[in-house]
Structures are given as C-alpha cells and as structure tokens.
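One structure is given here, and the rest of the page talks about it.
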Amino acid sequence: MAASSDLIGDNLLLGRLVPEDRQRLARHLVARQMQPGDTLQKSGDDVQHTWFPCGAACGGFRVAAEDGGNPVEVACIGREGAIGGIVSNGRVPAYATAEVRAPGWFLMIRIEQLEDAKMESLALRHWLSRYSDCLVAQLLQNSACNARHTITQRCARWLLAESGRTGSPDIAMTQEQLAAILGVGRTFVTRVVGAMRAEGLIATQRGRIVLRDTEGLQKRCCDCSEVIAQHYDAVMSGIYGPVGKS
C-alpha cells in the first residue's frame, strides 16, 4: 500500500507547491489505487472529493449525449492536474462524469479539507486558479479541434496524448472508447484505425491499441496538443508533458 507522502511528487500540480502548502494538503491526502472505469465523480452528484492522478494514471471527463447515445470525452487529465472541485467554494453538482482512464495511484482529498487549505493560503488559491485557467484552455482547444480537424488528425492526436501520459505505446482502449473520445460513430473510427493499421502506424489487439510509428502519427495529427502545452508552459511552466519529463 503506497503512502500519500511518497506519491505527492508524482503529481506535478502538487509537487510544484511550496513546502508549506504541500504539508498543508499532505495530512489530508489519501492514496487510492484505481482501475479503468472507476468513477471519480458522477454528473449531477455533488462533488465531494478532488483527485490527483499520479505518475502514469489518468482520468477523463465525459459529457452525456442529449440523444441518449454514447457519452463524449472532452478532456484527459494526468499527472499535470486534478479532477473535481478545484476552484469551487464547497460542494456543487458535477457537470461531467469523470472516470479513470489509465490505472494507477490517485491522491484524494475531501472538498471541505481542500477549501480550508485554500482559505489558509493565498499562494495555494492562486496556483489552483492557474490550473483552472489551463484546464479551460484545454477544453476550448478541444472544442476548436473537433470543429476544424479531420477524424484522422484528431485520432492521431489522442493516441499520442494517451501514450505520452501513460509513458507506454500500449494503450488499453477499444475502438468504441476511441469513438466516444472523438465524438463520432464507430464506423468512422473503424475506417481510420484500419487505414493506420495498414500503414504500420498502429497495431490492434483485443481491447488495446499499440503505437508502432510515433513519428508517422505525429505527421498526421493536428497541432492542438502543442498549443495546449504552450499555454500550460506559459501559465504553469514545467508541469505539462509526457511521463518521464517535467
């Protein structure tokens, strides 16, 4: 069982806090080992916890479709960030459902405890507000990406982003899940994945997609991930990037 104090540096949002603020949060953080599909927050329910992914773990926000179809994933959060209750004051209903995407350790803190810590430290409030700005920028860029870029470009981008966050070319993801992330029908994804497989860019296994040629994928993806990374670097230098880099 991992201790929360051993994991705090594995989340860059926490690791970059000044020592006083790290200690202020550390006594309340609880380490939880999570698996893909585990729910971190559910749409409509009060947000009760904030979750900090550590290392290669990550979670994703999913928004329900109005027509009752598959939910669409709108953001992926890894060790650079947190999920739930970052800038709100007290419990509020969650707009989106958040689930674990890649397994691993998460640090959890109750909303009330985080709010108390923010009231005690102006520096902590400012740091989390900066992260909130970066998360909004990510959501806005994702929206622009969906409107401007082809399914192939977006598919290549998401696969590279997922591999970068987990530090592995082997991604636990079905084509149905990839379709939900891209917000398109399964048939579109089947064609795109088939073409990428034929070109030797990826390989597919049951419930997995394996990246074979990252340089080839980079040539096919859009520049949205780079734009997001540049904004993170401008606002919170050094916390956004692949596992193994900081």
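Within the range 40-57, being closer than 29 Å to GLY207 by Cβ and open to solvent by 70 Å² or more (accessible area, probe 1.4 Å) holds for LYS42, ASP45. Look at the range 222-244: where a residue is modelled with pLDDT of 85 or more and a partner is open to solvent by less than 50 Å² (accessible area, probe 1.4 Å) and among the β-branched types (Val, Ile, Thr), sitting 6+ places away or on another chain with Cβ atoms under 9 Å, you get TYR232/ILE239; ASP233/ILE239. The single condition among (1) without any contact (Cβ under 8 Å) to a residue 60 or more places away in the chain; (2) surrounded by fewer than 20 Cβ atoms within 10 Å (Cβ to Cβ); (3) over 19 Å from ALA75 (Cα atoms) that GLN218 does not satisfy is (1). Of the residues contained in the range 196-205, one or more are found to be of a type in the set (Ser, Thr, Tyr) and in a strand (DSSP E or B). Counting only residues that are touching a residue at least 24 places away in the same chain (Cβ under 8 Å), out of contact with any helix residue (DSSP H, G or I) (no Cβ under 8 Å at 6 or more places or on another chain) and either open to solvent by 30 Å² or more (accessible area, probe 1.4 Å) or outside the structural domain of PRO103 (by the TED database) (or both), the range 21-39 holds 7 of them. Checked across the range 95-109, the condition of being surrounded by 13 or more Cβ atoms within 10 Å (Cβ to Cβ), on the phi > 0 side of the Ramachandran plot and part of a strand (DSSP E or B) holds for at least one residue.
The values are calculated or read from the model by the stated rules, or taken from the named source; none is laboratory data. Worth saying up front: this structure is predicted, and the values here are computed from it rather than measured. Backbone-built Cβ (ideal geometry, glycine too); neighbour counts: all protein chains shown. What goes into the accessible areas is simple: the full protein's heavy atoms, side chains included, and nothing from ligands, DNA or RNA. Shrake-Rupley method; radii C 1.70, N 1.55, O 1.52, S 1.80 Å.
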